[in-house]
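Just so it is clear, none of the values below were taken in a lab; they were calculated from the coordinates. Fair warning: this is a prediction, and the values are worked out from it, not measured in the lab. We place every Cβ from the backbone using ideal geometry, glycine too, and count neighbours over all the protein chains shown.
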Amino acid sequence: MKSAKKDTKGITVKKSDDFSEWYTQVIQKADLADYSSVSGCIVYKPGSYSLWEKIKEVTDKKFKQIGIQNAYFPLFIPESLLQKEAAHIAGFAPEVAWVTHAGNSKLKERLAVRPTSETIMYDSYSKWIRSHNDLPLRINQWNNVVRWEFKHPTPFLRGREFLWNEGHTCFATKEEAQQEREEIINIYDDVCKNLLAMPSLIGNKSEKEKFAGAVYTTSMEFIMPNGKAIQGPDFHFDGQNFSKAFDINFLDKEGKKDYVWQNTWAITTRMIGVLIALHGDDKGLVLPPSLAPIQVAIVPILFDKTKDQVLKEAQRIKQSLEKKHIKVHLDDRENYSPGWKFNEWEMKGIPLRIEIGPKDLEKKQVLLARRDTGEKQALKISSLTKELPSILEKIQTNLYNTAEKVLKNSIVEVDNLKEAKTQLKNKKILFAPWCGSVKCEEQFKTDTGAKSLNSPDKQPKLKPNQKCFICEEKATKWFYLGKSY
């Protein structure tokens, strides 16, 4: 075992005691990521990249089902294009990485390393769209972006380079554009709920927190175990802000010139970090079966005299489960003990483990171990193909229900600033009547370090003359607020 040069130690801190250290240990010991020599940029190892591939595969299929096509645009964006939409560049200016030289020659114009693709894509859109017959234009690209943030980088959750999709769509009318909001948010919500087993708070961002250049932003907010919120997939209704800046116009059915109505939307590799944080426990990573690249790990208990029989049966079990479209890995390594393998598969979050040894063969059974609950049960080999799909579904459901309970228990309704400050210290997310003003929010952030998250579509009724919980001006909406990444 020494020759393998693997860290056999498990997680050395409790998630509830030191979340930051726990998270750092999980991503390394579960073999998800490695730090690179570029600050803030990580190596996505196969363990994490396979998760992203599945998220991408499922999401992309749903996009194509509603008529969205994929394309690819350049990584480099001329500074003159980036400056065309003032509010947009103002929002990204501090985070832009610039290319100034090619070899030893200085470039005539600086090139931004893609922080987002509105400007480079819309330069093309202005050439492609001439008539209402060219609409709607619904294009998506899967790519990487660079945002040179100066905050403390955290692998997956906040990095200087990350992977995502960015959809950029154009419509002839405002109504058509806004109808896409429900389509896209429903896709993201379905992926998060049914693939990642993660519920969220869905609603519109405040004026201060919306995407730079958008009319409004709809976000999905997830609540981390440390009481902080983190933004997940989002949808931005851009109105005609970009189309006027980039002259993306068309002739409508009456032959009149008009500007297109636009949306942008994205899901990122940040979701891997949220997944680790929400489902992981003191033993390491916990993966939902729908997402896991390996759903079942078979660990044979090997002795010299019975090794061949046990391996033969383990292989037969593997093949029978694969016929049921269950993703199975047979761990037949002989230079590690069964106990070491159990710990490794637990660390990596594999939903189900099957243990089989000579005594199990005699009884024609295996021992099943669930990763989510730690529950173990003996099961007849003849029942495996029938029972395992149901057990995997139960694990998926249990992970979602547990995450939903955490979300609900994290939210506290408040109506005054004193109570809000107390609940923030208790690591709670606030749900409060708020005036929505930028000045009020900025003062609240200065005083508490918290900010607005979003405002749900389904609003509780405000009382007559309901006051803002911060400044006591008239409240306009109920908002979620809290500390966030």
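Hey, fewest Cβ within 10 Å first, where do 169, 12 land in order?
Ranking 169, 12 by Cβ neighbours within 10 Å, fewest first, gives 12, 169.
Could you please report the charge total around residue 467, scoring K, R as +1 and D, E as -1 over all other residues with beta-carbon less than 14 angstrom from its beta-carbon?
Taking every Cβ under 14 Å from that of residue 467, the sum is 0.
Taking R0 as 60 Å, what's the FRET efficiency between residue 39 and residue 320 from their Cβ-Cβ distance, rounded to 0.05?
Efficiency for this residue pair is about 0.80.
Along each of its three principal axes, how wide is the spread of alpha-carbon positions in segment 1-112, in whole angstrom units, largest first?
For segment 1-112, the Cα spread along each principal axis is 57, 45, 33 Å.
Which of 96, 191, 13, 299 comes first, and how do the rest follow, when ranked by fewest Cβ neighbours within 10 Å?
Result, fewest neighbours first: 13, 96, 191, 299.
Out of 37, 297, 229, whose Cα points farthest toward the positive end of the dipole of the chain (charges: +1 Lys, Arg; -1 Asp, Glu; placed on Cβ)?
297
Residue-wise, which Karplus ³J(HN,Hα) couplings in Hz belong to segment 322-335, taking 6.51 cos²θ - 1.76 cosθ + 1.60, θ = phi - 60°, and x for glycine or proline?
Each residue's phi maps through the Karplus curve to give 5, 5, 8, 6, 9, 7, 10, 10, 9, 8, 9, 4, 9, 9 Hz.
Once phi is turned into θ = phi - 60°, what whole-Hz ³J(HN,Hα) does the Karplus curve with 6.51, -1.76 and 1.60 give for every residue of segment 198-203, x standing for Gly and Pro?
10, x, 8, 9, 10, x
What nm distance separates the two modelled labels at residue 308 and residue 329, each placed 7 Å from Cα along Cα→Cβ?
Output for this residue pair reads 2.9 nm.
Show me, for segment 442-455, the HN-Hα J-couplings you get by feeding each phi into the Karplus relation (A = 6.51, B = -1.76, C = 1.60, θ = phi - 60°), rounded to Hz, glycine and proline as x.
My calculation for segment 442-455 gives 4, 5, 4, 5, 5, 6, 10, x, 9, 8, 6, 9, 6, 10 Hz in order.
Give, as a single signed number, the net charge of other residues whose beta carbon lies under 13 Å from the beta carbon of residue 307, with Lys and Arg counted +1 and Asp and Glu -1.
Net of charged neighbours comes to -2.
Just name one of 86, 99, 132: the one whose Cα is farthest towards the positive end of the charge dipole of the chain (beta-carbon charges, Lys/Arg +1, Asp/Glu -1).
Toward the positive end, the furthest listed residue is 99.
Kirkwood hydrodynamic radius, segment 350-413, all distinct C-alpha pairs: what's the number in Å?
Evaluated on segment 350-413, it is 13.4 Å.
Just to be sure I understand: if I project the alpha-carbon convex hull of segment 42-95 onto a plane and average over all orientations, what area do I get in nm²?
6.1
So which lysines pass the test for residue 9, namely a Cα distance under 24 Å, with those fewer than 8 places away in the same chain ruled out?
Cross-link targets: 29, 45, 283, 341, 348, 376.
Could you tell me what a quarter of the Cα convex hull surface of segment 67-138 works out to, in nm² with one decimal place?
6.3
Give me the one-decimal nm value for the distance between modelled label points at residue 108 and residue 66, 7 Å along each residue's Cα-to-Cβ direction.
4.2
Among residues other than residue 100 whose Cβ falls under 15 Å from its Cβ, what is the net charge (Lys/Arg +1, Asp/Glu -1)?
+1
For the modelled label position 7 Å from the Cα of residue 439 along Cα-to-Cβ, which residues of segment 451-485 have backbone nitrogen atoms closer than 14 Å?
Under 14 Å, as judged by backbone N against the label point of residue 439, lie 471-474 of segment 451-485.
Given H placed 1.01 Å from N in the peptide plane, which residues other than close sequence neighbours of residue 99 have an amide H under 5 Å from its amide H?
HN-HN under 5 Å from residue 99: 111, 112, 113.
Taking the inverse of the average 1/r across all pairs of different Cα atoms in segment 341-485, what Kirkwood radius in Å do you get?
It works out to 19.0 Å.
How long is the gain from residue 207 to residue 425 if the chain were fully straight, where each residue apart is worth 0.36 nm and the alpha carbon distance is subtracted?
75.9 nm
How much of the calculated P(r) for segment 436-485 lies past 17 Å, in percent of all Cα pairs? Provide the component values of the computation, followed by the final result.
On the way: 425 of 1225 pairs.
Tail fraction, whole percent: 35.
Sequence-distant or interchain residues sharing an amide H contact under 5 Å with residue 327, placed H: which?
295, 296
Collect residues whose amide H, placed 1.01 Å from N in the peptide plane, falls under 5 Å from the amide H of residue 229; neighbours closer than 5 in sequence don't count.
Placed amide hydrogens put 224, 483, 484, 485 under 5 Å from residue 229.
Normalise the Cα radius of gyration of segment 226-331 by 2.2 N^0.38 Å (N = residues in it) and let me know the number.
2.03
Over the alpha carbons of the chain, what is the largest minus smallest coordinate on each principal axis, giving the biggest first in Å?
83, 55, 50
Label residue 24 and residue 83 with points 7 Å out from Cα along Cα→Cβ: what is the distance between them in nm?
4.2
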